[in-house]
Amino acid sequence: MAHPKRRQSQQRTAKRRTHYKATPETWSVDKTTGETHLRHRAHWSEGKLYYKGNVVVDNTPSVEEDNQ
C-alpha cells in the first residue's frame with residue numbers, strides 16, 4: 001500500500017477544500033395548490049399528499065363518514 005513521503009501542508013489541503021460548498025435547498029411552487037415545497041419531494045396540503053401536482057394520498061374525512 002502506498003504511503004505519502006511527506007505530510008500535506010494545511011495550505012494545500014485548504015486549496016482543495018475551497019470547492020466544497022454548501023448549496024441552498026431549491027424550493028418550488030406547486031401549480032395546483034400554490035404552496036412552496038422542496039423540489040422532487042411530496043408535500044402535504046389540507047390533508048392531501050401531493051407529488052408533481054397530483055394527489056397521492058387523501059386523508060380528508062368524507063361526508064359519508066361524518067354522518068355515521
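Values computed for the structure shown
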quantity	calculated
Residue-averaged 222 nm ellipticity for the chain, from DSSP H runs of 4+ at -39500 (n - 2.57), nearest 500	-4500 deg cm²/dmol
Pairwise label distance in nanometres, LYS5 with VAL29, each label 7 Å out on the Cα-Cβ vector	6.1 nm
Rg to Rh quotient for the range 26-67, alpha carbon positions, Kirkwood Rh	1.09
Summed side-chain charge close to SER28 - residues other than SER28 whose Cβ falls under 10 Å, Lys, Arg +1, Asp, Glu -1	+1
Gained length - ARG16 relative to HIS40, 0.36 nm times residue gap less alpha-carbon distance	5.6 nm
J(HN,Hα) series, the range 17-28, from Karplus relation 6.51 cos²θ - 1.76 cosθ + 1.60, nearest Hz, glycine and proline x	7, 5, 8, 8, 10, 7, 9, x, 5, 8, 9, 10
Total formal charge among the other residues, if their Cβ is under 14 angstrom from that of GLY53, Lys/Arg +1 and Asp/Glu -1	+3
Net charge, ARG39 excluded, C-beta distance under 14 Å - Lys, Arg +1, Asp, Glu -1	0
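Computed from the coordinates by the stated procedures, all read-outs in this text should not be read as laboratory data. These numbers come from a predicted model, not from an experiment. Please note: Cβ atoms are built from the backbone with ideal geometry, for glycine as well, and neighbour counts cover all protein chains shown.
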